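The values are calculated or read from the model by the stated rules, or taken from the named source; none is laboratory data. Every value quoted in this text rests on a predicted model; they were computed, and no experiment measured them. In this analysis, Cβ positions are derived from the backbone assuming ideal geometry, glycine residues included, and neighbour counts consider all displayed protein chains.
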Amino acid sequence: MTICITASGRTLESPVDPSFGRTQYFLFIDPATLEVTPVENTPGAHGAGVQAAQTVANKGASVVITGNVGPNAHQGLSAAGIEIYVGAEGTAKQALDDYRAGRLARTQTPTSARHGGGRR
């Protein structure tokens, strides 16, 4: 199992980034060893959520922990069979602890509005 947490830095001590598609980093974590592999997110001007979901799926994550997830990212993550937990705050380590303790909500729907290219 690999867990992905959105963060503003490269370590478990970094703050959670509340925006999935525009996060600065994805922290891919092995929950057994707490080994962290940071991957910089490089969203384009349009389709950030879709690109981010593809990155996470390609890295083999089975769980995403973030603040919020938009509709395009939600669709991509769900299609890949990735569980999405929202409402994460504090450091990435705190978010991981909250997930393990069952304090984060698993979402079946997007928790934020469409952004960028999705505006009409």
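Scanning the stretch 1-53 for residues that are aliphatic (A, V, I, L, M), farther than 21 Å from R100 by Cα, crowded, with 20+ Cβ neighbours inside 10 Å and in contact (Cβ under 8 Å) with a residue 40 or more places away in the chain turns up just one, A48. Entry remark, the stretch 90-105: residues being in a strand (DSSP E or B) and surrounded by 18 or more Cβ atoms within 10 Å (Cβ to Cβ) number 1 in total.
For the stretch 33-89, the tally of residues that are outside any loop (DSSP other than H, G, I, E, B), small (G, A, S) and touching a Pro at 6+ places or on another chain (Cβ under 7 Å) stands at 1.
The residue that is farthest from V56 (Cα to Cα), among those in the stretch 1-30 that are in contact with a Pro (Cβ under 9 Å, 6 or more places away or on another chain) and part of a strand (DSSP E or B), is A7. Scan the stretch 8-37 residue by residue and report those that are hydrophobic (A, V, I, L, M, F, W, C), more than 17 Å from A53 (Cβ to Cβ) and out of contact with any Gly (no Cβ under 8 Å at 6 or more places or on another chain). Within the stretch 8-37, L12, I29, A32, L34, V36 qualify.
With the condition kept exactly as written, say whether any residue in the stretch 73-84 is surrounded by fewer than 18 Cβ atoms within 10 Å (Cβ to Cβ), of a type in the set (D, E, K, R) and either modelled with pLDDT under 90 or out of contact with any Ser or Thr (no Cβ under 9 Å at 6 or more places or on another chain) (or both). No: the stretch 73-84 contains no residue that is surrounded by fewer than 18 Cβ atoms within 10 Å (Cβ to Cβ), of a type in the set (D, E, K, R) and either modelled with pLDDT under 90 or out of contact with any Ser or Thr (no Cβ under 9 Å at 6 or more places or on another chain) (or both).
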